[in-house]
Each structure stands twice: as structure tokens, then as C-alpha cells.
Amino acid sequence: MGKPQKKKSLADKVRRTKTTTEIKNNPFEVKINRKKFEVLGRKTKHDVGLPGVSRSKAIQKRKDTLLKEYKQKDKSNKFIDRRFGEYDTKMAPEDKILKRFALERQRTNGKKDIYNLNEEEELTHYGQSLSEIEKFNDALDSDSDSEEKGLLSAELTASHFGGGGGLLRKKTAGEKGSEDGQKPKSRQELIEELIIKSKQEKRERQNQKEEAQELTEKLDQDWKSIQLLLSKKPPKSEAKEDENKPKLEEYDMMVRELGFDMKAQPSEKMKTPEEVAREEKERLHKLEADRLRRMQGDVEESKSKKQVHWSADDLNDGFILDKEDKRALSYQDGKWNIEEELEKEGEEGDDDDGDDEEEEGESGQEEESQSDAESEDENDGSDEEEEDSHSDLDSEQDSEGEEELTPKPSSSVSEEERLAQQDAAKAELPYTFTAPESYSDLKSVIHGHTPEKQCLIVERIQKCNHPSLAVGNKLKLQKLFGFLLEYLGELATRSPPELGTINKLIPQLYGLCQLFPDAACKAMQTVLSDSAHEMEEAIEVKGRASFPGLDMLIYLKITALLFPTSDFRHPVVTPALMYISQALTKCPVTTLEEVTSGLILCCLALEYVTLSQRFVPELINFLLGILHLAVPVKQSLGYTVVPPFRPVGKNCDLLVIRSAEGAESWSRKTLPLSGVQGLSFLSEVERDHYRLSLLATCLDLVKRSVLLYKSLSSFNHIFQPIRILLTKHLPVESCSTHIKDLHQEVLVSVSGAPTLQPPLVFDKKKPIPLKLFTPKIVEVLDYGKKRGSSKQERERERLKHKYKKEFKGALREIRKDTKFLAREKLTEIMSRDLERKRKVKELFGSLATQEGEWKAMKRRKK
């Protein structure tokens, strides 16, 4: 047998099973910063401790200070207990209570009790002195009224609470009476007299109160009886102003006036563009449905008025005066002219009816149908209101068995009227249109309508296909801009051109450009690039190119209307201006039609550069060439003509006046745009008139150019050829007065230009050299150290070094605080996310459980 095992003691079991929380420190991990030698007056930074201890202390300090401030940020419900010793953890609760009691006694014991050595302290109960409570000053008489509680007569108070003073005073009065031979009154008699007197005074007060109440009621009744009389103002002659009455100040009068001013009424909520587009589409669909109904001959007869039910308690206070029916009195031979006034009113009514018929004839079909639809809606709404408002009458009549009021039968619409309304509905424009998918679709929709109706059709297409109503509407309206642009070009190429229709459709084009600027920009760039390529091909093949047609001129004008012309560089305006410059340079002038086209291009160029004041040399050269065409003698000119013009040649006298009769009989007229396509003259005089119109237009453009470029430094050099031509070579003596005046104005504006200023240059002087200083030489005794500085400089260097050191330490602490706060914020966010995930998981679990229970219950039912 083996040796028996020795039983373990309880202490050994406890020692082995016990888990110690204390961790023994490894001596090799202890950090020791040794210092070489001791220095008096210097703070030691050589600490001894475990790694990470200082960091944990810093973190704990930030938790106690910075974290608390962060959690209490933007919180105004903070309660601070300012009692003595509340935040002192070293004091016991009993010591705090004793100290607070002592401070309270010191506060109550003020300076007034400094010299009261033998007096006892005053005892209180609920903040009131016990000595005051014992006097029983609040004793009330049960017989007294609520208004007179606590009010006693002076004699009664003196007799009961005055220590017998009142009785003594009465007694002395009795002794005086005894001296006169009367018996003095005893104390009981005096008290009875006081009681009787107090009751008598009370009775008198009650009587006075009742009398005052009766007088007040009587006064109120009298006031009601005379109140109606006071509402009428007395005549000014009888009214007398009270001289003693104080006059109102200006401020009081303004305050009273402001009190009677009309208060601001709440306005309707501003609607978003999407809501407006949706409502407009619904309105158009409703009008289209009404039009289709009328086309089918379905005419509603609900417009006939029903019999109006009058309630028994109706006061007839909802009437409205539609017009001013007051008549002025007029007498003739002592009689009132009633018949004449009635005749005048009848005539006025007839005139008004005639005017209304004319206005209705001139108004568009849209307004007629819209007004009809609106009136129908109003009638429907009014009928509904009548039915709702008289439901109580119907119920009463049903219950009481009375006879119901039946409306009068409305007059039925005849067959002729129905057919007329059907034809009118067919003649109206549809209210809803689908967006065209091609140019032929747009042309088929617009063809055959007036310019106003074409504009209305395009507007309804935009409203029915607004980008906010459907996904593909944006692309459809972008295509519509290109189709409209092509349609305007076709209108310009017709003979004669439909310029009125173009003018009507430009606002619709502008609206589409505002909605889709990028698409509009690309469309215009395509038009300009195609025309520029055609011009380049013509120059390469023929060596010359013709001026742009009227459609291209319209496109250039539209470009100036749709896009800003003042930008330094624009993706549409800049190529358009380059195209105009190329046309003014490369296209030769051989006919009057080409002169007209060139002058229109000059007008467009001036319109493009009016805001930016950009100099266009092609413009000045072309105007000089046009004026050269009006010079009859081409010898010793004194100026140079540049292409596309020639000094002499076949077509160099296009604007020379042939007859004196045409020059004298000419009057100023605007140049027609249709002159670009072709001109036909019946006589030479008419041709001379057109030449003078071209010359006047050219002079006007020169005048505008002078005003535009007057601030240029090279102004004289630019307009020198024009000045020579106008002064020496252009004959205007035989022309009309208007040409002479315009010629003189241009000549004055060109000659009155400022003289050329010399350019700014630097003065030819030798520059003054900077002042030189003798360098300070400091002897260096020990290399690596600077000597010779004063005490103030050394102190300044020391302070700078200390400042840098503290600054770096502050930055380091701020960075640590920022990291700590960021870490805490991240912890809060993660905890919130975990809590949210837990709740979501619980919700999903509960929903899954409910779903399972529901499915199980459903299976049980099956």
C-alpha cells in the first residue's frame, strides 16, 4: 500500500484558488532617467515609472476636464450647487451641515445687533417672528364683509389692544362730566356704546353701497336710452370746440391712424416651376376634352339657372352691386327727365353690346373656349353649393311632407345652334400637342395657320411636354429648338419673306434657349459652321463668294438676341463675329443687293461690339468702300481702298447719283430686308432714291462707329481716310437737306476727335543709388558661440527661445486634445450605430416571428 496523501489545509486551497489582480512590476521595464549632476534652482524632469503611466494619466486628466466640457457643450440646463462644501470630498456630511448653519447665523446676525449685548436672539416660525405672531393682529370679525376683513375702528382697536388707554381717556372724560354734575360711565357701558357705534357705522356703509349700486344701474339705463342720439354728429355750426381740451400730439395721431390701417393679408404659397407646369398641362387637357365633347355635339344644358331656395332665416345680406346704378337728377320745364335717362341707358347698353361683339370677334378662340370652360366650371360649382346648402330644406320637406320646389325647365338647345357650336369647336386649335419627332411633323402641325396661332401652337407644345412632366420630354424640346431654327430659315427664304411670323416665333425660341442653353449653343454652332464651310468651298472653287442670304442674316440676328455679346470669348458669338468679318472681307460688291447685305452685316457687327467696344477693322474698311462707291471722280483720292473694293473698275460707281431730280425729291426711308433677295425699279429716279437710302444708312453707321471708337488712341489714324473722303470727294451739294445735315454731323464728329497723345515712356535720368551702410564687424573669440551681444539682446534671445518652446508645447497639446476628442466622437458614433443595428435586428426578429406565427395560423385554418 502506498503512503497516505496528506490533507491540504484550507489556507493552501484559498492561496491556490485566489486570483490576484495585482501584477508585479518587472524591474527591467521601469524607466529611469538619470541626471548627470544636480543644479540648484532647476526643476528636475527625470522621472521614474512604468512605461505608459504618464500617457494614461494624461488621458485620465482629459477625461476629467476636456471630455466633461465636450459633453456639457451647448447645454443650458446645467444645475450648479453652490452650497458650502458640496464638492469637497474631504469633508464629512456632519461638518458640512454645521458649517452651513454657522454661515447662516452669521448672515442673519447683522451690524444692527453689534451693541445689543444682553438681548436674546429673535425666534422665527416659517420666516415670521414669534413675537409678531403672538399679537394676533389678524383676528377677524365674523360679521364683517369680505371687503372689510381685518378693518376695525380706531376706538375699538384702542380699547381692546391698546392696554386700556382708550378706556382711560373715556374715563377722564367721564370725570370731567361728573364735575359738571353727571354720573361717570362704567367700563361695561363704554364697551356697549362702542359695539353699538361700530354696528351703526357698518349699517351706514351698507346703505351707501346699495345706493351707489342703484344709481349706477339707473345711469346705465339712461345711457342706453340716449346712446342712439349721441351717435349722430351735430352740425359744424352748432359744434363748439372746448378751448380747455388738450390737443393730441402728432405721435398720438400717428398711432391712432396706424390702428385703422389695413392689415396685411396672407398671400398664396409660391408655386414651383414643376407645379405650375403640371397645373398648366391639366388645364390644357381639360380644355381639349371640352373641345372634343363640343365637336361631337354633346352640349351641356347645365348652364340654365335653377330656382334659388330661400331660407326662412335669410337676411338677404349677401347681395353684390354689379354696377353703379345711381342716377343724377335732371329737370326740364319743372319735370324730372325719366324717359330721356332710360333711353340713354338703353343706347349705352346697345353700344356696350356692340363693343362686346367686336371684342369677341377679335379675341382668339382660345380665350372663348377657356372662358366657356371656366363659366361651366363656375356654374357646376355654384350648383353643387346650392345643393349642399339646401340639403336641410330637402330633409325638412321630406320629413314634413311638404311639396318640393321643382326648377323651371331650361330651354333646350336647337339643332342649328348645336351644329354651329360643333363647327366652332372643329375650327378651334387643339389644346394639346405631341412633341414633333422630325421637321416635317412640326411643319405639318404649323402649316396653314396665322402667325399668332403658330406661336400659340409652339407654346402649347412646350407646356404639354415640359421637362418636369416626363423623362423623355427634355430631349423632345431640345429637338424642337433645332426644328424651329430650321423653320425660321425657311420662312426667310420664301418670296416674299414672312418676317412677321419670324418676329412672333423668336420669343418662343428664346424661351427654349433659356431652358436648354447647351442644345441651343450646339444648334447655332452647326448652322454657322455649315455656312462658313460653304463660303470656303466657294472661294476655293470660284475664287470669290457671294454674300450670305436673308436666312443667314436672320440667324446672325437671332444669335445676338439669344446669347451675350459682351463676353471676351463665347462659343457662339465669337464664331458669328468671325463669320461676319470674313464675309465683309471676301465677298465682292457688284450689285445694290450685295450693298444692302453688306450694310446689314455692318449693323450686326456694330450690335455685337457695342458693349465690349471691340475694334473690328473690317467694319471700317467696308464702310469706307461703300462711301467710295458714291464718289463720281476716282482720281487723286488721297486714301486707299482695300478688298473687296477696287479704286476703279466696272462696279465702282454703284451709288453715284444719275439724276438731280432724284437727289432733290428723296426722303429718308428704312431699308427693306427683302432687298437682299432682289430689287426691281420702275424708273431711274426710284433707283437713285434707293442709292441715297443706302448712302444715308452708311453715313449713319459711320457716325455710330465714331462714337464707339472715339476713346481709342489711334482714332485719327483709323478714320483719316473717311475724313478725307467726306471732305474732298463726296458731293452732297445737290442732295436733300437730310443728307447734308447727316454729312455735316459725321464730318464734325470725325474732325472733333481728340489729338493723338504720345505714349508713356520713362524719364531718361540716372537712377539714384540706394544708401550703403558700413558693415558691423564682430570679433569671434570662440567658434560656435556669438560674443559681444548686450544683456538686453541675450534676454531677448532667451525669451524668444522660451516662446518657441512654449508655442511648440501648446501646439502639441492642442493636437493631442483634438485626437482625443475625435476618438471620443468616433466612439459615440460607433455605439449609436451598434445600438441601431441591435434594434433593427430585434425588429426583424420580431417581424420574422410574427410572420411565422401568421403562416402557422393560416396553415391551421386550411
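Table: residues versus (1) outside any helix (DSSP H, G or I); (2) in contact with a Lys or Arg (Cβ under 9 Å, 6 or more places away or on another chain); (3) at pLDDT below 95; (4) crowded, with 19+ Cβ neighbours inside 10 Å.
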{"residue": "449", "(1), (2), (3), (4)": "yes, no, yes, no"}
{"residue": "454", "(1), (2), (3), (4)": "no, yes, yes, yes"}
{"residue": "460", "(1), (2), (3), (4)": "no, no, yes, yes"}
{"residue": "469", "(1), (2), (3), (4)": "yes, yes, yes, no"}
{"residue": "489", "(1), (2), (3), (4)": "no, no, yes, no"}
{"residue": "496", "(1), (2), (3), (4)": "yes, no, yes, no"}
Exercise for the section: Can you work out which of the residues in the stretch 49-75 that are on the phi < 0 side of the Ramachandran plot and open to solvent by 100 Å² or more (accessible area, probe 1.4 Å) is modelled with the lowest pLDDT? Expected result: 55
Completion exercise
The residue from 599, 611 that alone is part of a helix (DSSP H, G or I) and either open to solvent by less than 40 Å² (accessible area, probe 1.4 Å) or out of contact with any helix residue (DSSP H, G or I) (no Cβ under 9 Å at 6 or more places or on another chain) (or both) is 599
Exercise for the section: Sort out which residues of the stretch 637-648 are open to solvent by 50 Å² or more (accessible area, probe 1.4 Å) and not polar (S, T, N, Q), and write them in order of number. Expected result: 638, 642, 643, 646, 647, 648
Practice task
Answer yes or no as to whether residue 485 is among the aliphatic types (A, V, I, L, M), open to solvent by less than 70 Å² (accessible area, probe 1.4 Å) and under 30 Å from residue 272 (Cβ atoms).
Solution key: yes
Fill in the blank from the handout: Checked pairs for the stretch 76-88, first on the phi < 0 side of the Ramachandran plot, second not in a loop (DSSP other than H, G, I, E, B), C-beta under 9 Å and 6 or more apart or across chains, list as 83/96; 83/100; 84/96; 84/99; 84/100; 84/103; 86/96; 88/96
Problem - One residue from 504, 474, 479 being surrounded by 14 or more Cβ atoms within 10 Å (Cβ to Cβ), among the charged types (D, E, K, R), modelled with pLDDT under 95 and closer than 25 Å to residue 599 by Cα - result: 504
Completion exercise
All conditions in (1) at pLDDT below 90; (2) more than 34 Å from the chain's Cα centre (by Cα); (3) over 21 Å from residue 453 (Cα atoms) are true of residue 539 except (1)
Exercise for the section: Report yes if some residue within the stretch 621-628 is closer than 24 Å to residue 561 by Cβ and open to solvent by 60 Å² or more (accessible area, probe 1.4 Å); otherwise report no. Expected result: no
Practice task
Inspect the stretch 701-718 for any residue being farther than 25 Å from residue 553 by Cβ, without any contact (Cβ under 8 Å) to a residue 60 or more places away in the chain, outside any helix (DSSP H, G or I) and open to solvent by less than 60 Å² (accessible area, probe 1.4 Å) and give the result as yes or no.
Solution key: yes
Fill in the blank from the handout: Flagged pairs (Cβ under 7 angstrom, 6 or more apart or on separate chains; first in the stretch 520-548, within 20 Å of residue 486 (Cβ to Cβ); second of a type in the set (S, T, N, Q) and surrounded by 13 or more Cβ atoms within 10 Å (Cβ to Cβ)) are 524/559; 535/582; 548/531; 548/597
Completion exercise
Looking across the stretch 649-681 at residues that are outside any loop (DSSP other than H, G, I, E, B) and at pLDDT 85 or above, the single one that is least open to solvent (accessible area, probe 1.4 Å) is 675
Completion exercise
For the stretch 578-596 the number of residues that are open to solvent by less than 40 Å² (accessible area, probe 1.4 Å), farther than 19 Å from residue 709 by Cα and among the polar types (S, T, N, Q) is 1
Exercise for the section: Look at residue 528 and say whether it is in a helix (DSSP H, G or I) and either under 18 Å from residue 435 (Cα atoms) or open to solvent by less than 40 Å² (accessible area, probe 1.4 Å) (or both). Expected result: yes
Problem - Restricting the stretch 568-577 to residues that are touching a helix residue (DSSP H, G or I) at 6+ places or on another chain (Cβ under 8 Å) and surrounded by fewer than 19 Cβ atoms within 10 Å (Cβ to Cβ), the residue that is farthest from residue 672 (Cα to Cα) - result: 571
Completion exercise
Restricting attention to the stretch 733-745, the residues that are under 15 Å from residue 631 (Cβ atoms) and part of a helix (DSSP H, G or I) number exactly 2
Practice task
Assess whether residue 824 counts as being surrounded by 10 or more Cβ atoms within 10 Å (Cβ to Cβ), outside any loop (DSSP other than H, G, I, E, B) and in contact (Cβ under 8 Å) with a residue 24 or more places away in the chain.
Solution key: yes
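The values are calculated or read from the model by the stated rules, or taken from the named source; none is laboratory data. The structure displayed is predicted, hence computed values, not measured ones. Every residue, glycine among them, receives a Cβ derived from its backbone with ideal geometry; neighbour counts consider all protein chains shown. Keep in mind that these areas ignore ligands, DNA and RNA; they rest on the heavy atoms of the full protein, side chains included. Shrake-Rupley method; radii C 1.70, N 1.55, O 1.52, S 1.80 Å.
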